[in-house]
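Okay, so here's the structure we're looking at.
The values are calculated or read from the model by the stated rules, or taken from the named source; none is laboratory data. Owing to the predicted nature of the structure, the values given are computational and were not obtained by experimental measurement. A quick note on method: Cβ atoms are made from the backbone with ideal geometry, for glycine too, and the neighbour counts reach across all protein chains shown.
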Amino acid sequence: MKEHPSAPLSAAQREIERVKIVYEEDAMARRVRAQAEERLHEKRIEDQSLRLKSKMEELRDGEIATLNILEDTRELELTLESERDRLSHIIASMNEGLVFIDNAYRIILANPVAANMLEIAVEKAPGINLIDITTLWKGNKKLSTEERFSTKALTTGKPVFASLADDIFIETQSGRKFPVAFMISPLTEKNDATEAVIVFRDITEEKNLAEAQKSFASVASHQLRTPLTAVQWNLELLMGKEVGTLTDKQKQFALDAYEGAEKLVETINLLLSLTRVESGFVQIDPSPIAIPDFMRAIADELAPLAAQKELTLTMREPQDPIPHIMLDAPMLREVAVNILSNAIRYSNPGGAVEVAFETSDSAVTISVKDNGIGIPAAQHSRIFEKFFRADNAIRKTADGTGLGLNLAKALVTLWHGTLWFASEEGKGTTFYFTIPYEGIKEKREGKSLVM
């Protein structure tokens, strides 16, 4: 059968078809939009979930960090508490008194030793004004608030010290008075001293011992030297034939006895000098001294001793001028004679001894160099000990007290100088000592060195 072509659609049918297509397209678009919105919603939920999860992790990390901080803080608190307890125990167990004050002299802290000496209760100490409960004395002079050492420390911001030689006493409210040695250390903030730590101790026993040493020096001076002087005088009479002629043998006995008495007097004089220096009972009478001229005079005095051993004794003049220095002449003489005579004594015949000077901004250094027997290295550390003599020195010359260098070091220290040496056995020794340009202060109490 022959097919007939489709009849053309009417306008109504075409409109229906168009509407149908539009509807289907719109439905598809809605489905697409719905799917897109659903995926977007799911994405938002997923993102919110991830953000929530991240926040939870941050909170968990923060919680852990906070717990760690709290744990570290607790450990730090325990450590600080332990350190405070340890420091409190150390302060409480100190043999010295410790007082912590502010710049108005109010006590912040006092340990039991300090509280006991100041006659206050430890628990009631904070807040008490130190000026109100103590009076400070220097010898027989009562110090005002402005003169007190704590005032000086708080004003200058520098530590202040006092020892037995300063003769400082504390008097409590009950009237008890006792000697003290102390150290005051200011605590500074932006260069201003706001507080200070005072560490002090009762030195009554040391004071009594020093007084005993002074008494010994006085007694020994009269009870030992006076009889020996009489012995020497009588021996001189014997040797001078005033009481008759002696045989050669008797003369030798008398001479030996005289020399022995002379050495004994020398030893007693050295011991007395040491006692006075160590006890602080030495009188200091400074005068302006031209150091090179003084040393030249000592060298001239000892020149005959050097000549006996055929030694060359020279003095190298200082390159820079040395100002006159306020020193106690007997003290300087004792040091210079001791060191220079040792250089001559322990030099070999034909050797050389040289005195030299070196200047600095604050002091002059004097050196005495020899090429003698030297000091064994193993005995360097003992050379300034009382009564000590090196083995080769004893073999070189039997006589000697072992006191000279000990006294020399004590005297150099007294004028705030330094004494030291460099030596090699068999090659010689060089002794050095310094004299600060500021010199030494006058001290009238006591007695001068025994010469």
Of all residues in region 116-140, how many are assigned to a helix (DSSP H, G or I) and closer than 12 Å to Lys177 by Cβ? 1
Going by the conditions given, is Asp293 of a type in the set (Asp, Glu) and in the same structural domain as Glu334 (by TED's automatic domain parsing)? yes
Return the pairs, sorted by first residue and then second, in which the second residue is assigned to a helix (DSSP H, G or I) and at pLDDT 90 or above, the first residue lies in region 122-143 and is in the same structural domain as Ser163 (by TED's automatic domain parsing) and over 20 Å from Pro112 (Cβ atoms), the beta carbons are less than 9 Å apart, and the residues are 6+ apart or on different chains. Ile131/Ser150; Leu136/Phe149; Leu136/Ser150; Leu143/Phe149
With criteria (1) at pLDDT below 90; (2) buried (at least 19 other Cβ atoms within 10 Å of the Cβ); (3) hydrophobic (A, V, I, L, M, F, W, C), Val364 comes up short on (1)
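So that you can scan it fast, the table gives a plain yes or no per residue for (1) touching a residue at least 40 places away in the same chain (Cβ under 8 Å); (2) in a helix (DSSP H, G or I); (3) surrounded by fewer than 21 Cβ atoms within 10 Å (Cβ to Cβ); (4) of a type in the set (S, T, N, Q):
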site	(1), (2), (3), (4)
Gln379	no, yes, yes, yes
Phe387	no, no, yes, no
Ala410	yes, yes, no, no
Thr429	yes, no, no, yes
Thr434	yes, no, yes, yes
Lys441	yes, no, yes, no
Quick test of your reading of the structure: Ser448 fulfils all but one of (1) surrounded by fewer than 19 Cβ atoms within 10 Å (Cβ to Cβ); (2) at pLDDT below 90; (3) assigned by TED's automatic domain parsing to the domain that holds Asn342. Name the failing condition by number. (3)
Subset of region 325-361 [more than 32 Å from the chain's Cα centre (by Cα), surrounded by fewer than 19 Cβ atoms within 10 Å (Cβ to Cβ) and of a type in the set (S, T, N, Q)]: Ser341, Asn348
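Tell me which residues, restricted to region 348-368, are closer than 22 Å to Ala307 by Cα and either free of Cβ contacts under 8 Å to residues at least 40 places away in the same chain or acidic (Asp, Glu) (or both). Steps first, please.
Taking region 348-368 as the starting set, the residues that turn out to be closer than 22 Å to Ala307 by Cα are 348-356, 367-368.
Scanning region 348-368 gives Asn348, Glu354.
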Test of understanding: among Val353, Val337, which residue is of a type in the set (A, V, I, L, M, F, W, C) and under 17 Å from Ala408 (Cα atoms)? Val337
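Filtering region 309-324 down to residues that are under 33 Å from the mean Cα position of the chain (by Cα) and surrounded by 11 or more Cβ atoms within 10 Å (Cβ to Cβ), which residue is nearest to Lys396 (Cα to Cα)?
Among those that are under 33 Å from the mean Cα position of the chain (by Cα) and surrounded by 11 or more Cβ atoms within 10 Å (Cβ to Cβ), it is Pro318.
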Any idea which of Arg333, Arg296, Arg345 is of a type in the set (Lys, Arg) and touching a strand residue (DSSP E or B) at 6+ places or on another chain (Cβ under 9 Å)? Arg296
With the requirement that a residue be within 26 Å of Ala398 (Cα to Cα) and surrounded by 13 or more Cβ atoms within 10 Å (Cβ to Cβ), what does region 226-249 give you? Leu228, Val231, Gln232, Leu235, Met239
Which of the residues spanning region 277-291 are farther than 14 Å from Met326 by Cα and surrounded by 18 or more Cβ atoms within 10 Å (Cβ to Cβ)? Val277, Ser279, Gly280, Phe281, Val282
Kindly evaluate Ala422 against the criterion of being within 22 Å of Met295 (Cβ to Cβ), surrounded by 16 or more Cβ atoms within 10 Å (Cβ to Cβ), under 28 Å from the mean Cα position of the chain (by Cα) and in the same structural domain as Leu327 (by TED's automatic domain parsing). no
Filtering region 10-60 down to residues that are in a helix (DSSP H, G or I) and surrounded by fewer than 10 Cβ atoms within 10 Å (Cβ to Cβ) yields Ala11, Ala12
Take the residues in region 250-263 that are touching a residue at least 24 places away in the same chain (Cβ under 8 Å) and surrounded by 16 or more Cβ atoms within 10 Å (Cβ to Cβ); name whichever of them is farthest from Thr229 (Cα to Cα). Ala257
Given (1) modelled with pLDDT of 90 or more; (2) touching a helix residue (DSSP H, G or I) at 6+ places or on another chain (Cβ under 6 Å), where does Gly404 come up short, assuming only one miss? (1)
